[in-house]
Amino acid sequence: MQLLSAFSRPQTVPVAPVSASRPKLWILDSWRDLILYVGTPLLLVPVFALAQARWSPQDIYLFVAAFGAMGHHLPGMIRAYGDRALFERFKWRFVLAPLFLLAVCTAFFWWDLKGILLVVFFWGVWHGLMQTYGFCRIYDAKTGTFDTLTRRLDFAMCVIWFATAVALSPYRLSDTLDTYYMCGGPFIPPSVVQLGQGLILLLAVAVSGLFVAHFCRLWIIGKRPNPVKVALLITSIAFWWYCNNLVANILVGIALFEVFHDVQYLSLVWIYNRNRVEKDSNIGGFMRFVFRRSGSLMGLYVGLVLAYGSVSYINAHIGMDTIKRILTGVVTASTLLHFYYDGFIWKVRERSTRQSLGLAGGTADVMLGGVFPSWAWHGLKWVGVFVLPLGALWFWQIHLAIPEVQRQAWVVADVPIGARPHFEYGSALQKEGRLEEAVEQYKIGLQFNPKDAKAHTSLAVALTGQAKFDAAVPHMETALRLEPNNPDFHLVYSTLLQRIGHNDEAALHFKTAIRLKPDSVEAHYSYAAFLAGFGNNDEYISELRRVLQLRPDYPYAELRLADALFANGNLKEAEGHYQAALRADPKLTVAYNSLGKVYLSQGQTSQAMIQFSEALRLNPDYKEAEENLRIAKGADDQVFPAAHQ
């Protein structure tokens, strides 16, 4: 919940004098605040440790990203469009912003333009740190602390430490630079990156020193800041650092902080909206129904959040590229709208917001002064933080596209420490056939993270490509020891074992891959290819039939199945599968030749000659088809000698 505007200076404007009575330190009470706002990370870490024992990091990330990240957008949307007074006040923003962002996000994903990813990332980091800062303002308001220096130091602490954690995270920094270079951005020399990291760390230490000194000064003179706020800052910044730099798998780290963010947001928004409904008779309709004081409606609230998030979950599992691009645009637009709306609908300095949070004082409204009218000033900020950077990234990607190998080389130069940059560079080199260099990068990456099972597998594949089979085997054994239930690893290992003649072991790993991933076309097809060399025609045919059940338009499976049926003497069924292979791939030359042989075996010489001729038209150097055509013509002359005289 971004409790302050991302488009305005962070400030709190007290109006009412501080009460002489002993101030309350908590938003709710000590236990609920510790569970929901301050100490949540201490609960999340063991929960996620248990979750990782059952689910993969990718599954955890997808679930949280859908039902948490997108789901928690809904409460803000309910308030934006369910609070009449708020809607009338910001009507044009609520009408125009969704249309604009939906069009832009869908267009960027439709044309695979990566700039929108960078904008979402930077807005997201800002959004997260502003939520932490907003909680600081609420806790200080509870104790009547309104001085400017305290506010500015709180803000500086949030900004500098959130930025430092990203800048010093090899994964986060390399991922950000990769997206930047993917957009065609100019190369940033490593010296500049290292200088920036050193300066930001130095600035973080300096800001922290000022914060501690100011806190001690206030404590000594009797103007004690809220200690709960300090605890919140410590746990939030430490947890952000932990999630970005210390978690073994960054996907789990992202999911961890997202859950922390969502728990804070959803609980506070529930409290806020419930108080607003109880105190403001103008709130009606759906908003009044959902946010009444009722335990059952809390269940409805959570259910609605999960239902809204299901759009993102469905999108992650859609196979149709066109629909996936459109839905990704919708999900991204929802994310940016959430960041944007939270920038002005939850301003702590305004009286209505403060009253619903149980705080005194505040202003009726905050008007932006200056030369420009408020709408023009707001528009200029949109240009500065969205239109211009996104436009530059679009222009660079269209006109200054950078090859993948060069891009990954730049990332490794900028971020030499960390496994992921070297792994990505190795993968790019491997795609280009530069196996020796790829092997070197994989080995460097494994020095940073010896437990990266995927890196061990990729290294094994690269070594296999160099015919270094004995060197590849230990890496596949390590990968399977780290992830014994990964079907793709079993499939790679089975192929490797087949290459070195360990066929019995290879068969076991093929079967394990199929057991773990029974709907894998690749697993069934690879196993069928393996069986082809051992004369087990029935099992071979069975595997190919399974492949075609899973993927009916697979021409090579149709071709292999047709060959097997032809060898068994099942000419009619073989004919049908050859024809199916040609429907799937009309340029499959060998299928024309094989179909011609089927026709020739059935005495249909004219049909056979047509197929052989088509094979030769596509490949004039196809000797077997040329010989088969000669045989077919000879057979045709024997059957119809008069027609050729």
Ranked output for segments 582-588, 58-64 by mean other Cβ atoms within 10 Å, highest leading, reads 58-64, 582-588
Most packed first (mean Cβ within 10 Å per residue), the peptides 441-452, 103-114 order as 441-452, 103-114
Here FRET efficiency (C-beta to C-beta, ASN536 to SER601, R₀ 25 Å, nearest 0.05) is 0.55
So, with points 7 Å from each Cα along the Cβ direction, the ILE398-ILE221 label distance in nm works out to 5.6
Answer in debye to the nearest 20: the dipole magnitude of segment 30-391 about its Cα centre, from +1 Lys/Arg and -1 Asp/Glu charges placed on Cβ, is 1100
The relative contact order of segment 30-391, taking Cα pairs under 8 Å that sit 6 or more residues apart, comes to a percentage of 34
For LYS572, counting only aspartates and glutamates whose alpha-carbon sits under 18 Å away and dropping same-chain residues fewer than eight positions off, the answer is ASP538, GLU558, ASP563
The simple spin-label model distance between SER281 and MET77, using points 7 Å out along Cα→Cβ, in nm, is 3.2
Segment 423-444 scanned against label point 7 Å out from ALA471 along Cα→C-beta; backbone N under 12 Å for 435-443
So, over other residues within a Cβ distance under 14 Å of VAL64, counting Lys, Arg +1 and Asp, Glu -1, the net charge is -3
Using eta = 0.692 mPa s and T = 37 °C, Stokes-Einstein with Kirkwood Rh from Cα pairs puts D for segment 235-341, in µm² s⁻¹, at 199
Contour minus Cα-Cα span, MET320 to GLU505, at 0.36 nm per residue, comes to 62.9 nm
Packing-ranked peptide list from 208-218, 342-352, 399-409, highest mean Cβ count within 10 angstrom first, is 342-352, 399-409, 208-218
Taking 0.36 nm per residue of separation between LEU28 and ALA49 and subtracting their Cα-Cα distance, the length gained on full extension comes to 4.7 nm
In this structure, the FRET efficiency calculated for ALA238 and ARG545 from their beta-carbon separation, with R0 = 51 Å, to the nearest 0.05, is 0.35
Straight-line reach check, LYS223, cutoff 13 Å on alpha carbons, 8 or more apart in-chain or any other chain, hits among aspartates and glutamates -> ASP140, ASP147
Convex hull around the C-alpha positions of the chain: the volume in Å³ per residue is 214
Given pairs LYS324/LYS517; LYS468/LYS511; LYS468/LYS597; LYS324/LYS468 and cut-off 32 Å on Cα-Cα distance, the over-length ones are LYS468/LYS597; LYS324/LYS468
So ASP585 and LYS572, fully extended at 0.36 nm per residue minus their Cα-Cα distance, gain in nm 2.7 nm
Rounded to one decimal in nm, the spacing of the 7 Å Cα→Cβ label points at PHE87 and GLU626 is 7.8
Tilt, helix 419-431 to longest principal axis of the chain (alpha-carbon atoms), in degrees rounded to tens, equals 30
If the label point sits 7 Å along Cα→Cβ of LYS443, residues of segment 471-495 with amide N under 15 Å come out as 471-475
Here the tail fraction of P(r) beyond 40 Å, over all Cα-Cα pairs of segment 30-391, rounds in percent to 13
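Only the coordinates and a few stated rules stand behind these numbers; no lab work does. All figures in this text were calculated on a predicted structure; none of them were measured in a lab. Please note: Cβ atoms are built from the backbone with ideal geometry, for glycine as well, and neighbour counts cover all protein chains shown.
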